């Protein structure tokens, strides 16, 4: 799917990728880094559209270390549960991802919050960023001030513009705390995995996504079921002509949001 998923090449001499893409797209990244010294692959989280290509990259580049949140590392070594979860959450989208190659445990670095890495002439700093997933990490380039958002700040410039509240559940409070922390970093640009770089008013974009999340959950509480909600949302004129793949993405975000609401209701009870 063109212009739906991005990976970013940073540094010169020794370089790094931020994001590893899907397993199916690994060949594209392998062509890009062919002949380069790929020191690191920084993954924002272990979902297959972000970390699925990491195993193929490490197989081709014995010098490469994959940087990942400590809670996600074991799923890159043994992706069986991850694959099962994606198949259950969205079988229609799984075929777009493919099955990942495992990453050898010794090739992984479990990143701490605030940890920094020298890459060529720049420094990449890791920021634990839970909400979309508990194992989510954002990265900021100390030279350019570019913040690599993963899924913490939603999508940018693509038809799927609903908050990324994917299964198994989305943590509203953690996500809002993350967005406020990211704003405090004063980024000069946001590099979205889905899709592209936004250089104008990055703090405003982070602030608007916080409100987008609040509005989304407030709206979904007015529906009796996720099926009813998905039908109503996809019937909006702006989604007319949306591709089946993008429709599946919106349905998945509705499904995950309802899991969040159901969990909150159980805890309140």
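The values are calculated or read from the model by the stated rules, or taken from the named source; none is laboratory data. As the structure is a prediction and not an experimental result, all values here were calculated from the model. Don't worry about glycine lacking a Cβ; one is built from the backbone with ideal geometry, like all the others, and counts go over all protein chains shown.
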Practice task
Test residue 70 against the criterion of being touching a strand residue (DSSP E or B) at 6+ places or on another chain (Cβ under 7 Å), in a loop (DSSP other than H, G, I, E, B) and in contact (Cβ under 8 Å) with a residue 40 or more places away in the chain, and give yes or no.
Solution key: yes
Fill in the blank from the handout: Reported set for the range 8-25 where residues are touching a helix residue (DSSP H, G or I) at 6+ places or on another chain (Cβ under 8 Å) and either touching a residue at least 40 places away in the same chain (Cβ under 8 Å) or crowded, with 24+ Cβ neighbours inside 10 Å (or both) is 17, 19, 20, 21, 22, 23, 24
Practice task
Scan the range 85-112 for residues that are under 17 Å from residue 54 (Cα atoms) and more than 18 Å from the chain's Cα centre (by Cα) and jot them down.
Solution key: 101, 102, 103, 104, 105, 106, 107, 108, 109
Exercise for the section: Mind counting the residues in the range 6-41 that are modelled with pLDDT of 95 or more and closer than 17 Å to residue 144 by Cα? Expected result: 8
Handout entry: Of all residues in the range 198-216 being at pLDDT 95 or above and not in a helix (DSSP H, G or I), the one that is surrounded by the most Cβ atoms within 10 Å (Cβ to Cβ)
Key = 198
Exercise for the section: Might you check whether a residue that is within 28 Å of residue 1 (Cβ to Cβ), touching a strand residue (DSSP E or B) at 6+ places or on another chain (Cβ under 7 Å) and part of a loop (DSSP other than H, G, I, E, B) occurs anywhere in the range 108-122? Expected result: no
Problem - residue 45 vs. criteria over 15 Å from the mean Cα position of the chain (by Cα) and modelled with pLDDT of 95 or more - result: no
Handout entry: Total residues in the range 217-249, condition in contact (Cβ under 8 Å) with a residue 60 or more places away in the chain, under 19 Å from residue 261 (Cα atoms) and exposed (fewer than 13 other Cβ atoms within 10 Å of the Cβ)
Key = 0
Handout entry: Some residue of the range 189-197 being surrounded by fewer than 18 Cβ atoms within 10 Å (Cβ to Cβ), touching a strand residue (DSSP E or B) at 6+ places or on another chain (Cβ under 9 Å), assigned to a loop (DSSP other than H, G, I, E, B) and touching a residue at least 40 places away in the same chain (Cβ under 8 Å)
Key = no
Handout entry: Only one of 87, 31 that is more than 20 Å from residue 192 (Cα to Cα), outside any strand (DSSP E or B) and touching a helix residue (DSSP H, G or I) at 6+ places or on another chain (Cβ under 6 Å)
Key = 87
